[in-house]
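Have a look at the structure below, then the notes.
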Amino acid sequence: MGATVIVQAGSGLNALPDRELVFLGHQSALSCTLERARRIPGADLVVCAVPDDREHDLIAEEAADCAVMVVRGAAADPLGLVSQAAREAGAQTVLRITSQCPLIDPVIAGGVLALLVDASADYASNTMPARFPHGLDCEAFSALLLEQADRHADTLAERRSVTGWMRRHHGLTRANLTGPGGGLEHLRWMLETPEDVVFLQALFDELGQNAVT
């Protein structure tokens, strides 16, 4: 069985409200993210984890319209929600990305998945340190480790960050897919602020269908 991609949706504390529903070209930002997630090598299931409060109902409906599995859970506990999504999906290996990444690169994400296996690591990402543009972030780990984090993470910061416990636990091995750097790490290819919306909409208008292929 391949990996399960869990796309974590929801506005977060300081994020742009309903960022997933912003249109980029002819489709929503969430649709762009989910479409790219489907093309990640080594993954065979995409799940969208959405908070279960009313303000996220439209996001859950958009994810369902994109024909992916939708799991809803406590808005106040992102770690618990992602862990719940992994359980309901029957995941063995998880690749986590967030819905603020409509330009997530399937090849890079697949490289993080492969690194998890090749390095025999407990946790793999492309952000330690971050040398890719912001918006290509992803991380991979086993569902068993996610369950362990859900049991043991007991600070608000660890529960909100989802993988904070994994990234700091001294008993785990971690691997990083290193990006090119050279200033690219300062670019914002994510959807979190009104300025990000202006940039990404202009990019999609310029590139047309090539922006999602």
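The values are calculated or read from the model by the stated rules, or taken from the named source; none is laboratory data. In this text, all values refer to a predicted model and were calculated from it rather than measured experimentally. Positions of Cβ are backbone-derived with ideal geometry, glycine not excepted, and every protein chain shown enters the neighbour counts. These accessible areas exclude ligands, DNA and RNA; they are computed on the full protein's heavy atoms, side chains included. Shrake-Rupley method; radii C 1.70, N 1.55, O 1.52, S 1.80 Å.
Taking the range 168-180 as the range and being at pLDDT 95 or above and surrounded by 11 or more Cβ atoms within 10 Å (Cβ to Cβ) as the test, the residues that pass are Leu172, Arg174, Ala175, Asn176, Leu177, Thr178, Gly179. Pairs linking a residue in the range 97-110 that is assigned to a loop (DSSP other than H, G, I, E, B) to a residue that is among the polar types (S, T, N, Q) and open to solvent by less than 10 Å² (accessible area, probe 1.4 Å), with Cβ atoms under 9 Å and 6 or more positions apart or on different chains, are Ser99/Thr33; Gln100/Thr33; Cys101/Thr33; Pro102/Ser28; Pro102/Thr33; Leu103/Thr33; Ile104/Thr33.
Filtered by the rule that a residue be at pLDDT 95 or above and either part of a loop (DSSP other than H, G, I, E, B) or among the acidic types (Asp, Glu) (or both), the range 23-37 gives a lone residue, Glu35. For the range 141-160, a tally of residues being in a helix (DSSP H, G or I), farther than 12 Å from Pro78 by Cα and open to solvent by 40 Å² or more (accessible area, probe 1.4 Å) returns 5.
So that you can scan it fast, the table gives a plain yes or no per residue for (1) within 28 Å of Arg188 (Cβ to Cβ); (2) surrounded by fewer than 19 Cβ atoms within 10 Å (Cβ to Cβ):
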{"residue": "Gly10", "(1), (2)": "yes, no"}
{"residue": "Glu55", "(1), (2)": "yes, yes"}
{"residue": "Met69", "(1), (2)": "no, yes"}
{"residue": "Arg72", "(1), (2)": "no, no"}
{"residue": "Ile104", "(1), (2)": "yes, no"}
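Pairs meeting the criteria (first residue in the range 195-213 and closer than 14 Å to Ile104 by Cα and at pLDDT below 90, second residue open to solvent by 70 Å² or more (accessible area, probe 1.4 Å) and assigned to a helix (DSSP H, G or I), beta carbons under 9 Å, at least 6 apart or on different chains) are Ala211/Asp205.
When each of Ile40, Ile59 is tested for being open to solvent by less than 50 Å² (accessible area, probe 1.4 Å), assigned to a loop (DSSP other than H, G, I, E, B) and among the aliphatic types (A, V, I, L, M), the lone residue that passes is Ile40.
Table: residues versus (1) basic (Lys, Arg); (2) over 28 Å from Ala86 (Cα atoms).
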| residue | (1), (2) |
| --- | --- |
| Ala124 | no, no |
| Thr127 | no, no |
| Leu136 | no, no |
| Gln148 | no, no |
| His152 | no, no |
| Arg168 | yes, no |
| His186 | no, yes |
| Pro194 | no, yes |
| Gln201 | no, yes |
